[in-house]
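A.B. asks: Could you have a look at this structure, given as C-alpha cells, before my questions?
Read-outs: derived from the displayed coordinates by stated rules, not from any lab. Computed from a prediction, not measured in an experiment: that's the story for all the values here.
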Amino acid sequence: MPELPEVETIRRDLAKTITGLRIESVFLRDARVVRMPPEEFVRRLEGQLILAVHRRGKALLLELDGLWFVIQLMMTGQVVYVAPGQKAAAVKETKAVFGLSKGATLLYNDQRLFGRLMVVSRLEESGYLKVIGPEPLEPGFTSEVLASQLRGRNVAIKTLLLDHKVVAGIGNIYASEILFRAGISPKRKAKRLKTREITRLHQAIKDVLREAVRMRGTSLRNYRDGRGMPGRYLRVVRVYGRDGQPCLECGEPVKRFVQAQRSTYFCSQCQK
DNA sequence: AGGTCGACCTGGCAGC
DNA sequence: TGCTGCCAGGTCGACC
C-alpha cells in the first residue's frame, strides 16, 4: 500500500474536500473489497455525515456520527475525490463509488483487491487497529520507545521495521530508505543494535517520513493522492529500486536482496 | 511467544 | 502474437 506518507497525503487532501459532506449513495462494483456483509456496509454508510478525516498507521479513518469508515489501501488502493460538475472518471479498477452531497463523488480504485473497507462503531473492531504500534511522527514516539520495541527481538531490523505492531506506517520503500539514512545494515538483528544506533534509527525514521510527506509520497506505479496525482519522493530515493546504480554517498553499486519475501535495497559500504 | 511462509489478487514487463 | 516467470507501497493465519 501506500505507506504512512502516502496515506497522510491522501488524508490531508480529503480533509479539505470531503469534511462536512454527507454520503448519499454507495455503489459496490466489486464487494470483495468490503470486509463485512456488503448490505450492512452500505446501510451503515448511507446518510452519514463525514465529520473528519484521520489516519492511523496506513489506515484512513473517516469519522462519522458514532461510526468509523476504515479504509486500508494495501498495495494498490486509491481514494480519488471528484469535484461537483467534474466527470467521474471511473476506471476498470474502480470497485466502489460513493455519491456525496453537493454533487461530489468519491471513487475507491483497487487493481489487486487487497484493500479493505469496513464500517465499525469502535476502532478496535479492526484487527489492524487493535494491535497497531506507536505512531512514528507523534511526540510519544521516542528513542526509548523504539528501543523497548527492539529489545530481545531476534529478527533482522528491516523485517522488524515492516511490522506494524512495532512501529506504525513504515512499508517496504521507507524501511530501506530509513536504514540507509541511519547507516545500519538491513541484515542486523534488532536485538544487537547499540543504543547510539537506535538513536540514529529513530531520527532517520522521523526524517525520512517527514521528508516523504513534504514530497507528497512515492509513486512507483499505482499510488495516487486524493486528487489523482502522483507523489514526488521517487526523485529523491537513495536506495529503493536503485540496485546496480552507484550509491549517492560512496559510489559503490546499490545491492538488492530478498528478505522476508520482500526486496531490500542497501549499500554495503555505507550501512554496517 | 516469536519467527517463517504461503495465500490473497491483478497486471506490467522482460525474455524467448 | 503468444507464452512463462518475475515483480509490485500489505496483512493475516497457519505452522513450527
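A.B. asks: Residue by residue through region A:224-231, what is 3J(HN,Hα) from phi via Karplus (6.51 cos²θ - 1.76 cosθ + 1.60, θ = phi - 60°)? Round to whole Hz and write x for glycine and proline.
C.D. replies: 3J(HN,Hα) across region A:224-231, in whole Hz: 9, 6, x, 10, x, 9, x, x.
A.B. asks: Of the residues A:Ala147, A:Ala260, A:Ala90, which exhibits the maximal mean-square fluctuation in a Gaussian network model of chain A defined by a 10 Å Cα contact cut-off?
C.D. replies: A:Ala260
A.B. asks: Sequence-distant or interchain residues sharing an amide H contact under 5 Å with A:Lys95, placed H: which?
C.D. replies: HN-HN under 5 Å from A:Lys95: A:Tyr108, A:Asn109, A:Asp110.
A.B. asks: I need the helices of chain A that pass two filters: whole DSSP H segments spanning 27 Å or more by Cα along the axis, and mean Kyte-Doolittle score no lower than -1.0.
C.D. replies: Details: long enough: A:195-214 (29 Å, -0.60).
Helix filter hits for chain A: A:195-214.
A.B. asks: Over chain A, with a Gaussian network built from C-alpha contacts below 10 Å, which listed residue (A:Asp65, A:Asp110, A:Asp207) shows the highest mean-square fluctuation?
C.D. replies: In this elastic network of chain A, the residue with the biggest mean-square fluctuation among A:Asp65, A:Asp110, A:Asp207 is A:Asp65.
A.B. asks: Please compute, over every Cα-Cα pair in chain A, the percentage with a separation greater than 28 angstrom.
C.D. replies: On the way: 13752 of 36856 pairs.
Counting pairs separated by more than 28 Å, the tail of P(r) holds 37 percent.
A.B. asks: How far is the Cα center of region A:138-176 from the Cα center of region A:69-137, in Å?
C.D. replies: Region A:138-176 and region A:69-137 have Cα centres spaced 26 Å from each other.
A.B. asks: Using amide H atoms built 1.01 Å from N in the peptide plane, name the residues 5+ places from A:Leu21, or on other chains, whose amide H lies under 5 Å from its own.
C.D. replies: A:Ile50
A.B. asks: Using θ = phi - 60° and the Karplus curve 6.51 cos²θ - 1.76 cosθ + 1.60, what whole-Hz ³J(HN,Hα) does each residue of region A:59-76 get, with Gly and Pro shown as x?
C.D. replies: The phi angles translate into 9, 8, 10, 8, 7, 10, 7, x, 9, 10, 9, 9, 10, 10, 7, 6, 7, 10 Hz.
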